[in-house]
Structures are given as C-alpha cells and as structure tokens.
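What follows is calculated from the coordinates using simple rules that are stated; it is not laboratory data. Keep in mind it's a predicted model, so treat the numbers as computed, not measured.
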C-alpha cells in the first residue's frame, strides 16, 4: 500500500516569513513560483557575464527614472515572488525600501540549462502577471527571445502564455516596449 503525498503550497507572505524566521536565508537559491518553492540553477561564468551585460545595456536604454534590479525579488502576486536575472522598474532603488516591486516594465532571464523552464514556467507566470515585455538571453543558441502580448491559455503551466515570440540574433536590435526610442543591440547582451 503506497502513500500518495501532496505538495504544500506557499503564499508570498508565508515565504517571506520563512526568511524572517531564518528558515530560509536571504541569499538561499530558492524562489516562489505559483505557490511552489523552486531551487534556482547554479550560475556559471557566461551566465553571470550575460546578467552584467544585460544590466549595463538596459541601464543605458532606460536612463534616469528607472531602476535596474539584478536578481532581486518581484512581488508578482499572492503566491509568486520570482527573482529574475534582471528586471527594469520605474523609479529608483529607494522607492522599494518597504516592498518589492510588483509591475516591472521588463523582465529578463539568462538561460542555458534553465531554458525550458524559463520559456514555459516563468513565461507563463510572467504572462499571468500581465508583464508586457519578457526577454530570454538564450545562451544555448546565442539569441535573444522576446515575448510579448500575454493571453489566457488553459494548457500553460499558470494558465497564461505570450502570444508573440520573436527570436533575434547577434546582428539585430530590439527596443523595449517601455522605452521605444531606445535601441538595444542583441550583441550587447551576449557574452
């Protein structure tokens, strides 16, 4: 006779309390995605270089009035607090002293071993939150994947997906939706 277990779902408030109580350390490699605690993938040197390059390029593209957050938490909803590689949010870092930002203008993930999860799970999660601009720096194929236009899709992990996907190589450029006059060369994002 077997025992069927079930997963314990967590709220964002409970997750934050685990950190306050010291059960989880602030720098522990976990994030809350749709009520489930997920262990983050280890990051090799090209991954870290790509994160730095993306932060630099987006800082130039967005300029003053925007904060570029590197691996910082987002308060997406009551059961999700992902820590994307890079997020662009309105205002300054000081604006978020009392609470994590909830509606970034752009979220960027750097992907190698996490490529499938970043496309499917995180893509669905960000679409569900209504994020208009989601980018994946795909280190496997050395391209930038740009996702836009969230739509409901019952078959997606979190019930939403992006209806537009554009793949750009190192010879092309992209403009963020929240800074349409800016041009980001894809080559600037690739290590």
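How long is the gain from residue 177 to residue 153 if the chain were fully straight, where each residue apart is worth 0.36 nm and the alpha carbon distance is subtracted?
Values: separation 24, 0.36 × 24 = 8.64 nm, distance 2.27 nm.
Once the chain is fully extended between residue 177 and residue 153, it gains 6.4 nm.
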(message) If I fit a long axis through the Cα atoms of helix 45-62 and take the longest principal axis of the Cα atoms of the chain, what angle between them do I get, 0 to 90°, rounded to 10?
(response) 60
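Of the DSSP beta bridges with both residues in region 96-191, give the percent that are antiparallel, rounding to the nearest 5. Before the final figure, lay out each step's value.
On the way: 15 of 20 bridges.
Of all bridge pairs located within region 96-191, approximately 75 percent are antiparallel.
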(message) Between (i) 16.7, 64; (ii) 17.4, 58; (iii) 16.6, 60, which entry matches Rg and Dmax of the Cα atoms in Å as derived from the coordinates of this structure?
(response) (i)
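Stokes-Einstein D for region 130-179 at 20 °C, 1.002 mPa s, Kirkwood Rh over Cα pairs, in µm²/s? Walk me through the intermediate numbers first.
Details: Rh = 11.9 Å.
In µm²/s, the coefficient rounds to 181.
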(request) Please compute the Cα-Cα pair-distance distribution of region 67-112 with 5 Å bins starting at 0, giving whole percents from short to long. (result) 5, 24, 35, 23, 9, 2, 1
